[in-house]
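Before any comments, here is the structure.
None of the figures in this text is laboratory data; all of them are computed from the coordinates on show. Keep in mind that what you see is a predicted model, and the values were worked out from it rather than measured. Cβ placement follows ideal geometry from the backbone for every residue including glycine, while neighbour counts extend to all protein chains displayed.
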Amino acid sequence: MREADAWLERLLELTTSLGDGEMEVLCQVAEGLVAGQKQYGGLNPDDPSRDWLQECAEECRDGLNYLGAQLIRVNRMRAKREG
C-alpha cells in the first residue's frame, strides 16, 4: 500500500462519525494546506530552517488581531442598530 493510500484510509476512518460542521472545518483546514503547498511548497516538519513554535506564535498573534478587529466592527454595528 502506498503511503498516500494509508493516509486516505486513516482519514476515512476518522471522518465517518463527523457531522457536517466538523467536515466543513476539516475541509477548510485541507483547503488551507493546499493553498500553502501551492505558495510555499510541501510541508516538511523536519525542515531545520523553520522554527515552528515561533511561527505558530506569530500566526496566533495575527489571528487575535484580526479577531479583535472583527469584534470591534460587530460591536459597533450592534450599537448603531440598538442605539
Simple spin-label model, 7 Å along Cα-to-Cβ: Arg73 to Asp47 in nm? 3.0 nm
Assigned charges on the beta-carbon of Lys, Arg, Asp, Glu; the range 1-43 dipole about Cα centre (debye): 240 debye
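Considering only the other residues whose Cβ falls under 14 Å of the Cβ of Thr15, what net charge follows from Lys and Arg at +1 and Asp and Glu at -1?
Details: positive: Arg10; negative: Glu9, Glu13, Asp20, Glu22, Glu24.
Within the 14 Å Cβ shell, the charges total -4.
Rounded, prolate or oblate: which fits the range 1-43, taking a ≥ b ≥ c as square roots of the Cα gyration tensor eigenvalues, rounded meaning a/c under 1.5, else prolate when a/b beats b/c?
Oblate shape, in that a/c is at least 1.5 and b/c is the bigger or equal ratio.
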With +1 assigned to the C-beta of every Lys and Arg and -1 to the C-beta of every Asp and Glu, and no other charges, what is the dipole magnitude of the chain about the Cα centre in debye, to the nearest 20? 780 debye
Give me the distance in nm between label points sitting 7 Å out from Cα along the Cα-to-Cβ direction at Met23 and Ala35, one decimal. 2.2 nm
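What does the C-alpha gyration tensor say about the overall shape of the chain? Classify as rounded when a/c is under 1.5, otherwise prolate if a/b is larger than b/c, or oblate.
On the way: a/c = 3.47, a/b = 1.56, b/c = 2.23.
Taking the square roots of the gyration eigenvalues as a ≥ b ≥ c, the chain is oblate.
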Dividing the helical contributions, -39500 (n - 2.57) per DSSP H run of n ≥ 4, by the residues of the chain yields a 222 nm value, nearest 500 deg cm²/dmol, of -27500 deg cm²/dmol
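Mind checking the full-extension length gain between Leu11 and Glu59? Use 0.36 nm per residue of separation minus the Cα-Cα distance, one decimal, nm.
Working: separation 48, 0.36 × 48 = 17.28 nm, distance 2.60 nm.
Stretched out fully, the Leu11 to Glu59 stretch lengthens by 14.7 nm.
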